Amino acid sequence: MTWTLLLEQSLNGFQLGIVLFLMAAGLTLVFGIMDMVNLAHGSLYMIGALLCATFTEWTGSFLLGVLLALPAVLVVGILVEVVALRTLYKRDHLDQVLASFGLILFFNELARIVWGPEGMAIPLPAWLDGSIEILPGVPYPTYRLMVIVVGLAVAAALYWLVVKTRTGMLIRAGASNRTMVGALGVNIGLLFTLIFGLGAALAGLAGMIAAPIVQANIGMGESILIPAFVVIVVGGIGSIRGAFIAALIVGLIDTMGRSFLDVLLGTFMSANAAETAAPALSAMAIYILMAVVLFFRPQGLFPPQGRG
Amino acid sequence: MVLNRRIIVTVLVLIALALLPVLLGGAPFYIGVVARAMILAIAAISLNLILGYGNMFSFGHAVYIGIGAYTVGIFAHYDIFNGFIQWPVGLAVSALIALLFGAISLRTKGVYFIMITMALAQMMYFLGLSLDKYGADDGLVIYTRSEFAGLIDLEDHVTLYYVVFGFLLLTVLGMARLINSRFGLVIRATKFNEARMRALGFPVGRYKLTAFVLAGTICGLAGLLLGNFTNFVNPDMMHWTRSGELIFMVVLGGMGSVFGPIFGAITFLLLEEFLSDLTEHWQIVFGPFLILVVLFARGGIDGLLGRKDRSDD
């Protein structure tokens, strides 16, 4: 019985990891290539979820909702880049952090005005609402399985884009030496806008697929942003491969900690003490992981190659 | 010292702060707003030491406010109201946590430092959320303020106001001396050229860590005051957005200026009061305002008061 629980929780952890990866991929690209810290990445996650909720309500189909919301978030992302963030690339990190913090306040309030303080729930279509037996006698929600499949597909597509295409080559070149890429005649401004839009769409997609599970609400972006930071710091800033592996590690540790830490602690301390310590420790687990990684490898586990 | 605009404005603001309870005799609400602004000013001054002078972009400074406030709250929870116990413990815990967090985060630089301080702060926020014994996300109500053996009565709001004012004066004057001391000069020089300071034989890491711990401890003091002032503490005080607001106060006032954070904190809170009176959606104005300040007014309010031989330009 515990083994099925273990399996179920590892899948949940995997699924959280996938959502974190979609967030972290955009963050790490934007940071790695433009040297830009964007706190408002969480807002794009929220906007994605809320737009998807609205479109789902209009069209009556979750799938159509996602398909409509994706380009919409892309446009929002490009608008944000062109209007506000473009001027910040040359500024120091503190300015970028503060200005994007201002963007968060703006977007949260905008969302509160447009969607109301409660946010919106996204009802799942019937074909996603059930559960599948992944092993005989072990049912698992279809939707969560779907999230994992979609996430892996997006990760694969991203890998293909970055490693196999000309655009991807420019992205990688930009990550290791942006000035040189500019000197070679590449339109850096356009490349930046493109990458930012891509990151925005990924964050929006993360929000959309998380929304049916956690509900689309104001402030959802802030709660995922910091774990996403943990992911890119652990993985090595600028590295997509690092972000993928670190996202899975963080997702698994967080989920496993919340489910099993009390049992684990209970084996060597009193049940009472374990019950008090477990929630505190599991809430802190991923941050402790980050501190440990940084202590031994300040540049993260998989720093991108060729950075001077 | 020449009698310039900066000195005149600063003195006027301090006199106004000193006389406010007398002028506003019957308006405890506004006395409360200003007292709160002064408490946050103490926190902003402490942040300015590492942010403005030391070039350490800590995005987790609100943690120490939470630690100070939680100290008061947890002691009061166990019916220990003695300020002579609460306050030294609060300061010591702030210093210890700052030492630990500083030792971890100062191994990194630049954007990693921002993210680490942010994540460590968020860790404390989640720790607060998971402490069911101390109210979890509801926090603790502090029914009785710190007691100082009958010497000072913090329950009286004018007395509390002057205690806060006294600590603010102490902090700002102390900071003015500190940044011009040998220690302060080393910290400021590190901001310009860390490698050169190291080459000159200064143990730069230790100086930075000391500044980090000092800033955390002073901010812990602000937390002790805030817990007493609001009669309340909850994890939200440590949320990373609170740290963002503190940074904004420093930048709004003028980074790396002694009195700037006071102007910044007061302006921030007055603006918040004023805008939230106008509309409940005040943040839709406040957010873009923040962006405009960052883009076009990096000198902050201090920059409006004329040039000085700025150490950081």
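The values are calculated or read from the model by the stated rules, or taken from the named source; none is laboratory data. Quantities reported herein were computed from a predicted structural model and do not represent experimental measurements. Here Cβ is always computed from backbone atoms with ideal geometry, including for glycine, and neighbour counts include all displayed protein chains.
Listing for the model above:
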{"quantity": "Any hit, region B:106-113, residues being over 14 Å from residue B:58 (Cα atoms) and either modelled with pLDDT of 85 or more or not in a helix (DSSP H, G or I) (or both)", "calculated": "no"}
{"quantity": "Qualifying residue in region A:57-68 (condition: among the aliphatic types (A, V, I, L, M) and crowded, with 19+ Cβ neighbours inside 10 Å)", "calculated": "yes"}
{"quantity": "Those residues of region B:275-304 which are part of a loop (DSSP other than H, G, I, E, B), among the hydrophobic types (A, V, I, L, M, F, W, C) and crowded, with 16+ Cβ neighbours inside 10 Å, in sequence order", "calculated": "B:282"}
{"quantity": "Members of region A:125-165 that are of a type in the set (D, E, K, R) and outside any helix (DSSP H, G or I)", "calculated": "A:133"}
{"quantity": "Number of the condition not met by residue B:93 [criteria: (1) under 22 Å from residue B:298 (Cβ atoms); (2) touching a residue at least 40 places away in the same chain (Cβ under 8 Å)]", "calculated": "(1)"}
{"quantity": "Among residues of region B:46-71, those that are away from chain A (no Cβ under 14 Å), under 27 Å from residue A:288 (Cβ atoms) and of a type in the set (A, V, I, L, M), counted", "calculated": "3"}
{"quantity": "Filter pass, residue B:265 being more than 11 Å from chain A (Cβ to nearest Cβ) and modelled with pLDDT under 90", "calculated": "no"}
{"quantity": "Any helices (runs of 4 or more DSSP H) falling wholly within region B:1-89 and containing at least 1 residues that are in contact with a Leu (Cβ under 6 Å, 6 or more places away or on another chain) and crowded, with 24+ Cβ neighbours inside 10 Å", "calculated": "B:28-48, B:62-77"}
{"quantity": "Residue match in region B:147-170 (condition: surrounded by fewer than 20 Cβ atoms within 10 Å (Cβ to Cβ), modelled with pLDDT of 85 or more, over 28 Å from residue B:28 (Cβ atoms) and of a type outside the set (S, T, N, Q))", "calculated": "no"}
{"quantity": "Region A:224-279, residues that are more than 14 Å from chain B (Cβ to nearest Cβ), in contact (Cβ under 8 Å) with a residue 60 or more places away in the chain and not hydrophobic (A, V, I, L, M, F, W, C)", "calculated": "A:241, A:251, A:255, A:259"}
{"quantity": "Residue within region A:199-218 that is in contact with a His (Cβ under 9 Å, 6 or more places away or on another chain) and of a type outside the set (A, V, I, L, M, F, W, C) present", "calculated": "yes"}
{"quantity": "Any chance residue A:12 is touching a residue at least 60 places away in the same chain (Cβ under 8 Å) and assigned to a loop (DSSP other than H, G, I, E, B)", "calculated": "no"}
{"quantity": "Members of region B:114-131 that are at the interface with chain A (Cβ under 7 Å from one of its Cβ atoms) and either within 22 Å of residue A:36 (Cβ to Cβ) or outside any helix (DSSP H, G or I) (or both)", "calculated": "B:114, B:115, B:116, B:118, B:119, B:122, B:131"}
{"quantity": "Number of positions in region A:97-119 that are away from chain B (no Cβ under 14 Å) and crowded, with 19+ Cβ neighbours inside 10 Å", "calculated": "1"}
{"quantity": "Filter result for residue A:162 (within 19 Å of the chain's Cα centre (by Cα), more than 14 Å from chain B (Cβ to nearest Cβ), more than 30 Å from residue B:290 (Cβ to Cβ) and without any contact (Cβ under 8 Å) to a residue 40 or more places away in the chain)", "calculated": "no"}
{"quantity": "Top-ranked residue of region A:265-308 - restricted to ones that are buried (at least 19 other Cβ atoms within 10 Å of the Cβ) and assigned to a loop (DSSP other than H, G, I, E, B), ranked as modelled with the lowest pLDDT", "calculated": "A:304"}
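Conditions (1) more than 30 Å from residue B:295 (Cα to Cα); (2) more than 8 Å from chain B (Cβ to nearest Cβ); (3) modelled with pLDDT of 90 or more; (4) assigned to a helix (DSSP H, G or I), marked per residue:
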{"position": "A:83", "(1), (2), (3), (4)": "no, yes, no, yes"}
{"position": "A:90", "(1), (2), (3), (4)": "no, yes, no, no"}
{"position": "A:94", "(1), (2), (3), (4)": "no, no, no, yes"}
{"position": "A:123", "(1), (2), (3), (4)": "yes, yes, no, no"}
